[in-house]
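Have a look at the structure below before the remarks.
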Amino acid sequence: DHYGLRPDPDAHHHVEERHMSMAILIGLLLCGGLLAWLAERIDVDLPRWVTLATIIIALLYLVSIVAALPREQFELVPDPRDGASWLLHLKLQWLPRFGIAFELAMDGLSLLLVVLTLLLGLVAVSSSWSEINFKPGLFQANLLWTLAGVCGVFLAVDLFLFFLFWEVMLIPMYLLIAIWGHEKKDYAAMKFFIFTQASGLLMLLAIVVLAWQGLASSGQLSFSYFDLLGLDLDPRLGWWAMLGFFLAFTVKLPAFPFHTWLPDAHTQAPTAGSVLLAGILLKTGAYGLLRFCIPLFPEASAQFAPIAMALGAAGVIYGAILAFAQTDFKRLVAYSSVSHMGFVLLGLYAWNSLALQGAVMQMVAHGVSTAALFMLAGALQQRLHTRDMGRMGGLWQQVPRMGACALFFAVASLGLPGLGNFVAEFLVLLGLFAVQPWLTAVAALGLITAAVYALWMMQQAFQGKPDDALQMDDFNRREMLAMSGMIIALVWLGLYPQPVLDLAQPVLDSLQLLVAESVPAAGAGAMGGGG
């Protein structure tokens, strides 16, 4: 086809294999899930080992593929309209009559998020190691299928395929909450499914509209991201189609006021479900806005930017205030997610280099710190059979390792300098200040309220008068290993974030150049928000 992407039959075999590697990675996770499900028949403890092995093999495979790529390819600014300039690109005919192809592509941004997905998959397996007794095989299968769906979302560049993976990741997540959740699991699972499904259908409608517009302007029906970029859309049609994408992604993010499914889903999900939900499923919303929503509809997004940034700032404050009002440990962490993901929305729509880098950093750092807090909440619930902080108190004396980990991740989430979350939020505020100084002042209040609820959580659960009736075990070696990994990751992101910034920078540059062609004002920074 016109990208020259179809492998030349005379080309070296390893080049073809390298581009196939993304499909192999997703296939590995899907087959691993099936194996874990079947392994339950042999031994109840086998599925978790199968899952662990599958994720480690997938990670090593990904590292081996990336290590084989030439170093200079990571520094090139990829052409967003041409997959050949990306790190990896695979296009196979699927439904040619409808212009649908099995098309996957990877650049620095998607590589970063796929690595985060697999690493948090390991944390999810570790956190549920001894928690699941009912149908452990099916549980681990759903966990791996969720990871496969999320990796597909980060790699798909055919919009129909993207939508398919978007739905694929919802179903196993729904089952994780509905089957292995806590007391109100049915209600929480159904609410999660209805919110994300309804908004996903709006996106499907917008995708079809976009493909029809592409057909009208070029005479060729295609769902490929590369073909649909830069379409000349009727402004009103572009506005409505953009809203379809925006709603699907902000419900998932979740942004105020579309966040109401999140506290219920997080609170009722099993620990591994909460880790995956907070660590990576929310990031698919942010990724969708950055990759699809803004570049496909630059003019409509520029007009909409002030509203989107206002919603982001409202989410930062609202989430923080509600987090402070909670007595349930998991609900508190869930509302803190609404607050922290507000910074991502602010960074994306401020649309300058600093703010975009901050948004990408926040996706990574928040993924790690919140996954750790949910793992802690799950460990406490498993030992105490309660999430009520009022019934904890003085736990530090009994479980010093747990207390120390909780304190570290509490100060990480409030944005302590020297840790990843601080770098992320500081960059977002710095970029936002060039565009909307007043909104920056409002969002900065979120940093103060974050300190209030994070320290309040520590005070309630781990300080105060110890209850002699409570007897519990501290973190064991396995749990400490997972915690130590996340502690090292956050310290590294805080003290030396350069590798992450370098990976994302060429991609962000290419998207900014693309939008600047359509919206000249966007080249200077703002998506159209003043400045």
Quiz item: Once both axes come from the Cα atoms, what is the angle between helix 477-495 and the longest principal axis of the chain, in degrees from 0 to 90, rounded to 10?
Solution: 50
Exercise. Work the Kirkwood hydrodynamic radius out for the stretch 228-349: mean of 1/r over every pair of different alpha-carbon atoms, inverted, in Å.
Key: 14.8
Quiz item: Over the stretch 268-320, what lengths in whole Å, largest first, do the semi-axes of the equivalent ellipsoid take, defined as the square roots of 5 times the eigenvalues of the alpha-carbon gyration tensor?
Solution: 27, 16, 5
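When 1/r is averaged over all different Cα pairs and the result inverted, which Kirkwood radius in Å belongs to the stretch 346-412? Let's see the in-between values first.
Values: mean 1/r = 0.0719 Å⁻¹.
That comes to 13.9 Å for the stretch 346-412.
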Quiz prompt | With 5 Å bins from 0: P(r) over the stretch 13-134, alpha-carbon pairs, percent | solution = 2, 9, 17, 19, 16, 13, 10, 8, 4, 2, 0
Exercise. Can you grab the distance from the C-alpha centre of the stretch 122-145 to the C-alpha centre of the stretch 341-400, Å, no decimals?
Key: 21
Quiz prompt | Separation in nanometres of the label points that stand 7 Å from Cα toward Cβ, at residue 61 and residue 470 | solution = 4.4
Quiz item: Given charges of +1 on the Cβ of Lys and Arg and -1 on the Cβ of Asp and Glu, with all other atoms neutral, how large is the dipole of the chain about its Cα centre, in debye to the nearest 20?
Solution: 1200
Quiz item: Angle between the Cα long axis of helix 185-218 and the longest principal axis of the chain, 0 to 90 degrees, nearest 10?
Solution: 10
Practice problem: Please work out the average accessible area per residue across the chain, using the 1.4 Å probe convention, and give it in Å². | Solution: 37
Exercise. Kindly express, to the nearest 10 degrees and within the range 0 to 90, the angle between helix 353-384's C-alpha long axis and the longest C-alpha principal axis of the chain.
Key: 30
Quiz item: Do any chymotrypsin sites (Phe, Trp or Tyr not before Pro) in the stretch 237-292 lie in a DSSP loop with no more than 15 other beta carbon atoms within 10 Å, and if so, which?
Solution: none
Quiz item: Which three semi-axes in whole Å describe the equivalent ellipsoid of the stretch 388-458, each the square root of 5 times a Cα gyration tensor eigenvalue, listed largest first?
Solution: 31, 13, 6
Quiz item: Ignoring any ligand, DNA or RNA, what whole percent of the accessible area of the chain comes from carbon and sulfur when the probe is 1.4 angstrom?
Solution: 66
Self-check item: Pairs of Lys in the chain closer than 17 Å at Cα, counting only those 8 or more apart or on different chains
Solution: 5
Quiz item: Using a simple charge model, +1 on the beta-carbon of Lys and Arg, -1 on the beta-carbon of Asp and Glu, nothing else, what dipole does the stretch 219-316 show about its Cα centre, in debye to the nearest 20?
Solution: 240
Quiz prompt | Percent of C-alpha pairs per 20 Å bin, the chain, short to long | solution = 23, 58, 18, 1
Practice problem: Select from 179, 415, 246 the residue farthest towards the positive end of the dipole of the chain; place +1 on Cβ of Lys and Arg, -1 on Cβ of Asp and Glu, and compute about the Cα centre. | Solution: 179
Self-check item: Cβ-defined net charge surrounding residue 231, 14 Å radius [Lys, Arg +1; Asp, Glu -1]
Solution: -4
Quiz prompt | Viscosity 1.002 mPa s, 20 °C: Kirkwood-radius Stokes-Einstein D of the stretch 168-241 over Cα pairs, µm²/s | solution = 147
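The values are calculated or read from the model by the stated rules, or taken from the named source; none is laboratory data. Because the structure is a prediction, the values reported are computed rather than measured. Methodologically, a virtual Cβ is constructed for each residue, glycine included, from the backbone with ideal geometry; neighbour enumeration extends over all protein chains shown. Accessible surface areas use protein heavy atoms only, side chains included; no ligands, DNA or RNA. Shrake-Rupley method; radii C 1.70, N 1.55, O 1.52, S 1.80 Å.
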